[in-house]
Amino acid sequence: MERLRTPGAMRAWADARRAEGARIGLVPTMGYLHEGHVSLVRIAKARGCGAVAATIFVNPTQFGPGEDFEKYPRDEARDLAMLDAAGVDAVYLPGVRDMYPEGHQTFVDVTGVSQGLCGAARPGHFRGVATVVAKLFLAAKPHVAVFGEKDYQQLAVIRAMNRDLDFGIEIVGASIVREEDGLAMSSRNAYLAGDHRVAARCLSRGLFRAKELFGKGERDAAALVAEARAAIEGEPRAKLEYAEGRDPVTLSPRSGRVDAVTILVSAKVGPARLIDNITLGN
């Protein structure tokens, strides 16, 4: 497994793989990996990618003032061992100065799908996400890029950017991987311990209740969202940030009767800001 530290090294690797006729798969991450990340590697391989690259970069431009950039969990040695075991061919590990050299002044701003939800709670977040992913795409030159559906709004932003800027990359959304108790796997789960870890289950519990209600025939978006909201609001150690029903493709708000809806939730549990979602219907 090759370790690449600069944009030039990443581009050289990508050019060589393309010259060999390989289909390149890319798995962007911020490190502190878990089984959910490893599943993205497997998906890239299943999509016929003979060369798979992962990236590890904690991107400062997607963190706002007072957020957890400095405290974000990091363990490069562990991450590299996991990626090597998963069969990754190259890992791109740029530094902040490599990605944002002195004088950097260009950013990518995706409107529309970035509004509301996490976009409202974290101003500037998706501008940072779109910018860093665009830079990763340009360096790694992938045919396929795989992202987890846990960050559902992020996935929608990346798909819009890929479409609007003509990157021509196949963007693959991967199903959420969950812990045995239903909690969505996340690097930020490392912040949870004791009662907070137990309390965090309220997010998935509410979504599963909405799913059960949908299975019984309920199609009113407000009623389904209310079920998810109630589970979080009923947990005293959780502070609800949002619970909303959105169109699974456009992320526009849904109300009234729906055949399909994505319910997205966010809550602060102890030191961790957690997000989760579930798509009901086709």
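Taken together, the values in this text are just the output of simple stated rules run on the coordinates, not laboratory data. What you are looking at is a predicted structure, and each value in this text was computed from that prediction instead of being measured. Glycine also receives a Cβ, built like all others from the backbone with ideal geometry; neighbour counts cover every protein chain displayed.
See the values below:
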{"quantity": "Cα centroid separation, the range 118-173 to the range 1-46 (Å)", "calculated": "16 Å"}
{"quantity": "Candidates Leu224, Leu264, Leu138: whichever shows maximal mean-square fluctuation once the chain is modelled as a Gaussian network with Cα springs under 10 Å", "calculated": "Leu138"}
{"quantity": "Isotropic mean projected area of the C-alpha convex hull, the range 2-174 (nm²)", "calculated": "9.6 nm²"}
{"quantity": "Pairwise label distance in nanometres, Arg78 with Leu165, each label 7 Å out on the Cα-Cβ vector", "calculated": "3.2 nm"}
{"quantity": "Label-point separation, Ala85 to Glu67 (7 Å along Cα→Cβ), nm", "calculated": "3.0 nm"}
{"quantity": "Fewest-first ranking of Thr131, Thr6, using other Cβ atoms within 10 Å as the exposure measure", "calculated": "Thr6, Thr131"}
{"quantity": "Label-point separation, Glu218 to Ala121 (7 Å along Cα→Cβ), nm", "calculated": "2.1 nm"}
{"quantity": "Per-residue Cβ neighbour rank within 10 angstrom, fewest leading, Asp259, Asp98", "calculated": "Asp259, Asp98"}
{"quantity": "Residue among Gly124, Gly66, Gly245 with the largest mean-square fluctuation in a Gaussian network model of the chain, springs linking Cα atoms under 10 Å", "calculated": "Gly66"}
{"quantity": "Net charge, Val172 excluded, C-beta distance under 11 Å - Lys, Arg +1, Asp, Glu -1", "calculated": "0"}
{"quantity": "Cut-off under 5 Å, modelled amide H: who pairs with Ala174 long-range", "calculated": "Phe147, Gly148, Glu149"}
{"quantity": "Cβ crowding within 10 Å averaged over residues, with 152-164, 190-202 ranked highest first", "calculated": "152-164, 190-202"}
{"quantity": "Computed P(r) (all Cα pairs; the range 76-210; 5 Å bins; percent)", "calculated": "2, 8, 14, 17, 20, 18, 13, 7, 2, 0"}
{"quantity": "Only Lys, Arg (+1) and Asp, Glu (-1) charged, at Cβ; the chain dipole about Cα centre in debye", "calculated": "160 debye"}
{"quantity": "Paramagnetic label zone (point 7 Å from Cα along Cα-to-C-beta, Glu2; backbone N under 15 Å) in the range 45-59", "calculated": "50-55"}
{"quantity": "Cα-based helix-to-principal-axis angle, 35-46 vs the chain, degrees rounded to 10", "calculated": "60 degrees"}
{"quantity": "Amide proton proximity set for Ala238, modelled H, under 5 Å, gap of 5+", "calculated": "none"}
{"quantity": "Rounded to whole Hz, the Karplus (6.51, -1.76, 1.60) HN-Hα couplings of the range 196-210, x for glycine and proline", "calculated": "5, 5, 5, 5, 4, 5, 4, 5, 5, 4, x, 5, 5, 5, 5"}
{"quantity": "Order of Val265, Val225, Val108 under a 10 Å beta carbon neighbour criterion, fewest first", "calculated": "Val108, Val225, Val265"}
